[in-house]
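I have placed the structure first, in the form of structure tokens, so that the comments after it can refer back to it.
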Amino acid sequence: MRLKSRILTILVAIGVEFLIFALMGLVFLFQFDRAKTEFVNKTKAIAETIGDQASSFYSLKGENTTSNEFFQFLDERLGRKKLFNTFDIAPEFFSIVLKKDIERGKVAGYFMKDFYPEDGYSVKKHKGMISVIVPFNIRASEKSEPFGIVKIDSDTKSIAKKVIADNFLLYAAMIVVLNNQAFIFYLLLRKRKEVVFEKGYLKEHSIGALKIMHKVLGDIIQDHEGGIVNKKDEPLRKKREEKKVISISELIEEKRKK
């Protein structure tokens, strides 16, 4: 019985810990989703900055310049590491893709719809990667066709690690507080059960004692009633016994007669 009680207690404890970690998981997912939204906004801002630099570069240098020449230009003007550090973003990879290269089939994996996103930018998620794509043009007219796109790829694992690092103390506090609350609730519940058990125990044994007392009293009453009956018959008993008793005076009288 005690073994079953201990096993049940262990299972309940495991279930409580599972619920606590499930709650922490929900909090993490909420924070992770918010972090991804913030990350996309920051990445979009970086992509727009790079797109502005690309627009200036290709407008000055001509459309036939290569992407490597643009990267050198970007490093000289802003510095790629400095740019990403300013926005607190660490992408896995970023690239400049020109529309003419897509049309000529020089670059695979891109589609024309990437140059015409409905919201002015597009976000793609694939195999744990988030890609933010922002188009740019090289003419002053807003109605001009996009000349190319800036694509920044980031790993979602880095976002998750950052969320955990930024909220580590919160998760630790949740574990401590929730476990303490669960332990206090367990003690209160256990105390309540013990009180109920004690009341039931006393009640059960009180009833048993009353039954025993009732039986004993019943036996005493029966014996008492039996004694009263015997007292009623006592004169008859004495009379019978008197007949069996031999009198000494009678013996003496008998000897004299002889």
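Tabulated values for the structure
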{"item": "Filter result (closer than 16 Å to V150 by Cα, outside any strand (DSSP E or B) and under 50 Å from the mean Cα position of the chain (by Cα)) within the stretch 82-103", "result": "L83, F84, I89, A90, P91, E92, K99, I102"}
{"item": "Test: I130 is in contact with a Phe, Trp or Tyr (Cβ under 8 Å, 6 or more places away or on another chain), over 15 Å from G51 (Cβ atoms), among the hydrophobic types (A, V, I, L, M, F, W, C) and not in a helix (DSSP H, G or I)", "result": "yes"}
{"item": "Among the residues listed as D33, D52, the single one being more than 23 Å from I159 (Cβ to Cβ) and either touching a residue at least 40 places away in the same chain (Cβ under 8 Å) or part of a helix (DSSP H, G or I) (or both)", "result": "D52"}
{"item": "Qualifying residue in the stretch 14-29 (condition: loosely packed, with under 12 Cβ neighbours inside 10 Å, modelled with pLDDT under 90 and either β-branched (V, I, T) or outside the structural domain of V132 (by TED's automatic domain parsing) (or both))", "result": "yes"}
{"item": "Unmet requirement for S59, which otherwise passes all of (1) modelled with pLDDT under 85; (2) loosely packed, with under 14 Cβ neighbours inside 10 Å; (3) assigned to a helix (DSSP H, G or I)", "result": "(2)"}
{"item": "Options L26, L3, L8: the member that is more than 30 Å from A173 (Cα to Cα) and without any contact (Cβ under 8 Å) to a residue 12 or more places away in the chain", "result": "L3"}
{"item": "Residue within the stretch 105-121 that is without any contact (Cβ under 8 Å) to a residue 24 or more places away in the chain, within 22 Å of F84 (Cα to Cα), assigned by TED's automatic domain parsing to the domain that holds V16 and basic (K, R) present", "result": "no"}
{"item": "Candidates S154, S158, S141, filtered to the one that is modelled with pLDDT of 85 or more and either loosely packed, with under 11 Cβ neighbours inside 10 Å or under 30 Å from T65 (Cβ atoms) (or both)", "result": "S154"}
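The values are calculated or read from the model by the stated rules, or taken from the named source; none is laboratory data. Here the structure is a predicted model, which is why all the values come from computation and not from measurement. Glycine gets a Cβ as well: all are built from the backbone with ideal geometry, and neighbour counts include every protein chain shown.
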